[in-house]
Amino acid sequence: MSATLDLAIEQLTSKKDEWATLSISRKLDYLTTLRDAVAAKADEWVRVSKEGKHIEPDSPLAGEEWISGPYAVLIAINALVDTLGALATGKDVLEGATVRSRPDGQVVVDVFPRDVFDRLLLNGYRAEVWMQKEVTPANLRDHIGSFYKQVEPDGVLGLILGAGNISSIPLLDILTKMFSDGQVVIVKMNPVNDYLGPVFEEVCAELIDDGFIRFVYGGSDVGAYLTSHPGIDAMHITGSAHTYNTIVFGPGEEGDARRESNEPIITKPFTSELGGVGPTFVVPGPWTEADFAYQAEHLATQKFHNAGFNCIASQVLVLPERWYGGDRLVDELRRTITRIPKREAYYPGAGERHEEAVANHPHAEALDPGPIPRTLITDVDPLGIDEYAFTTEFFGGVYATTRLPAKDPIEFVEAAVRFANEKLAGTLGAQFLIHPKTIEYLGPVLDQAIADLNYGSVGINSWTGAGYLLPTATWGAYPGHTRAEIGSGIGVVHNALMFDYPEKSVVFAPFHPMPRALWNGQFHLSPKPPWFVTHRRADKAGERLTRFAAKPGWSHLPGIFAAAVRH
């Protein structure tokens with residue numbers, strides 16, 4: 001094992017300076033080849049993903065594998081091509097984007113939609129990136145694509161420790177580390193989904209042949225060897241805080257002691273995306289029966305997409321205590337969950353995590369039979385000390401609810417932000433569900449609530465999974481975590497516009513789907529999103545979106561719309 005890994009590191013080390021100084025035009029050539037290769041291998045990619053997760057060949061659930069697999073990678077490549085093309089020609093990377101400042105001076109950049117196809121395919125959606133305080137309107141563009149502004153950048157060999165749940169994560173991390181940060185990379189595939197390794201090696205064949213990337217396989221012994229190898233200059237992981245802490249400080253009680261005294265055994269630059277306890281806030285408002293039904297599907301998606309094995313899954317549903325709709329929504333959510341097909345709990349440790357959640361919340365309600373049932377834990381005490389549901393990521397099919405006392409939407413929103421910041425572990429993503437009339441009532445209160453939330457991704461009537469999908473948004477924890485208190489991680493990925501100091505990304509989506517939106521005075525064309533777990537043609541929509549992303553053009557749109565609308 002060690003000889004093979006040493007050779008891979010030696011070969012990559014010999015090429016890292018070449019890659020760092022390679023021309024943008026040559027890197028654009030690699031991206032074009034990558035795009036063609038992803039398109040060519042997309043069917044096989046989805047096929048092996050379905051087999052690995054035991055999804056039936058003709059199941060609509062295959063839409064998850066299309067959309068969060070090759071489609072996500074293709075649209076990221078397209079966005080990077082646009083950014084690198086602008087950098088190569090001296091054009092403004094933000095051409096056409098609106099830049100504004102909040103009342104406190106914080107800079108906000110509109111990053112989606114970027115073109116007519118964005119406006120048609122996700123009509124009614126928009127996304128912003130909010131910057132850290134170092135950024136001003138005057139210096140914003142100075143803090144874009146900084147790697148490419150270096151005269152003689154140093155070569156860096158980066159180690160990517162791949163995720164085992166969402167298939168696009170390893171390649172999206174590769175795109176960030178290679179094309180935004182200028183690193184050559186060695187990618188250790190996660191044993192959970194290393195069946196994708198041969199597909200990824202074919203996709204990256206040109207970069208492999210030219211010595212800029214290597215894929216390696218194995219368990220924790222391989223990971224330990226690589227993370228401690230002197231030839232590795234930097235690292236990135238998508239996983240858990242426990243894994244990160246074990247790498248940086250060592251295992252067991254000795255590792256805990258080193259972390260408490262901030263005496264790491266690894267001090268190399270180490271970016272990370274580590275999940276957490278994601279909240280969804282339901283703001284009281286004039287909801288109808290149709291609203292309860294649709295938003296219950298939305299909530300079921302936030303929890304049970306990919307069988308619940310998402311770092312960005314909603315874990316705590318935060319309801320207003322005295323709103324008439326709280327019980328109604330939970331009842332509808334319960335019915336929705338039991339109507340969607342039960343998935344196999346394919347991710348290792350699911351049974352143990354489920355048992356721990358139930359043991360810590362004895363009133364947990366199993367919604368179906370079996371050893372690992374989908375489970376609701378209702379009305380967790382929001383004032384409870386160290387409540388398990390608030391401090392431990394379930395990473396599986398368990399959903400908790402809690403209720404906050406509030407007299408009106410303004411009081412609830414302010415209380416919800418305090419609750420999330422003070423009680424919930426992690427800072428990766430949070431979302432609000434808010435009726436349009438309530439948004440009008442809140443006015444600037446909502447903007448201030450977004451500003452006050454210490455989360456790296458915020459959704460307004462959108463699951464933050466959409467923030468993961470949009471390549472011009474950023475993906476990662478809220479800034480401020482430290483090596484010893486890692487929380488949801490350090491740094492961001494995706495970020496195709498290459499912002500140096502992003503604070504958070506905010507995605508806005510319609511509350512009502514089309515055509516019901518029109519009856520409520522909203523003018524957009526978005527039906528139920530194809531990533532909803534209740535979408536009956538998600539597989540068709542996902543495949544057609546992928547074909548479009550591989551070669552954008554008007555001819556794809558009728559088929560996409562037909563699949564999306566017939567849900």
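The values are calculated or read from the model by the stated rules, or taken from the named source; none is laboratory data. Only a predicted model underlies this, so the values are computations on that prediction, with no experimental measurement involved. As a convention, Cβ positions derive from the backbone with ideal geometry for all residues, glycine included, and neighbour counts pool all protein chains shown.
Descriptive notes on the structure:
- In the stretch 412-462, the qualifying residues are those that are among the small types (Gly, Ala, Ser) and part of a helix (DSSP H, G or I), and the one that is surrounded by the most Cβ atoms within 10 Å (Cβ to Cβ) is Ala416.
- In the stretch 390-411, residue nearest to Ile166 (Cα to Cα) [restricted to those that are of a type in the set (A, V, I, L, M, F, W, C) and surrounded by fewer than 22 Cβ atoms within 10 Å (Cβ to Cβ)]: Phe395
- Residue pairs whose Cβ atoms lie under 9 Å apart, sitting 6 or more positions apart in sequence or on different chains, and linking a residue in the stretch 35-46 that is more than 14 Å from Ile67 (Cβ to Cβ) to a partner that is outside any helix (DSSP H, G or I), are Arg35/Lys551; Ala37/Cys204; Ala39/Lys551.
- The condition of being in contact with a helix residue (DSSP H, G or I) (Cβ under 9 Å, 6 or more places away or on another chain) and within 25 Å of Pro436 (Cα to Cα) holds for only one of Arg100, Arg114, Arg35, that being Arg114.
- Residues in the stretch 530-561 that are over 21 Å from Val116 (Cα atoms) and touching a helix residue (DSSP H, G or I) at 6+ places or on another chain (Cβ under 8 Å): Trp531, Phe532, Val533, Thr534, His535, Arg537, Ala538, Asp539, Lys540.
- Scan of the stretch 307-329 for residues that are touching a Lys or Arg at 6+ places or on another chain (Cβ under 8 Å), in a helix (DSSP H, G or I) and either surrounded by fewer than 22 Cβ atoms within 10 Å (Cβ to Cβ) or among the basic types (Lys, Arg) (or both), ordered by number: Gly326
- For first residues located in the stretch 439-453 and farther than 18 Å from Val507 by Cβ, partners that are surrounded by fewer than 18 Cβ atoms within 10 Å (Cβ to Cβ) and at pLDDT 95 or above and lie 6+ apart or on another chain with Cβ distances below 7 Å form the pairs Val445/Ile410.
- In the set Pro529, Pro471, Pro513, only one residue is in contact (Cβ under 8 Å) with a residue 60 or more places away in the chain and surrounded by fewer than 24 Cβ atoms within 10 Å (Cβ to Cβ); that residue is Pro513.
- Among residues that are touching a residue at least 12 places away in the same chain (Cβ under 8 Å) and either under 27 Å from Thr32 (Cβ atoms) or surrounded by fewer than 19 Cβ atoms within 10 Å (Cβ to Cβ) (or both), Asp115 is not included.
- Looking only at the stretch 190-240, residues that are part of a helix (DSSP H, G or I), buried (at least 22 other Cβ atoms within 10 Å of the Cβ) and free of Cβ contacts under 8 Å to residues at least 40 places away in the same chain come to 1 in all.
- Just so you know, in the stretch 144-189 the residues that are part of a loop (DSSP other than H, G, I, E, B) and small (Gly, Ala, Ser) include one that is nearest to the chain's Cα centre (by Cα), and it is Ser168.
- Which listed residue is surrounded by 21 or more Cβ atoms within 10 Å (Cβ to Cβ), at positive phi and not polar (S, T, N, Q), from Gly145, Gly182, Gly158, Gly162: Gly182
- Residues in the stretch 265-287 include none that are in a helix (DSSP H, G or I), over 21 Å from Tyr388 (Cα atoms) and modelled with pLDDT of 95 or more.
- Scanning the stretch 1-21 for residues that are crowded, with 17+ Cβ neighbours inside 10 Å and either in a loop (DSSP other than H, G, I, E, B) or free of Cβ contacts under 8 Å to residues at least 24 places away in the same chain (or both) yields a single hit, Lys15.
- Out of Ser49, Ser25, sole residue that is more than 27 Å from Ser167 (Cα to Cα), assigned to a helix (DSSP H, G or I) and not hydrophobic (A, V, I, L, M, F, W, C): Ser25
- Residue satisfying all of: in the stretch 481-522; within 21 Å of the chain's Cα centre (by Cα) and of a type in the set (Gly, Ala, Ser); nearest to Arg258 (Cα to Cα) among these: Gly487
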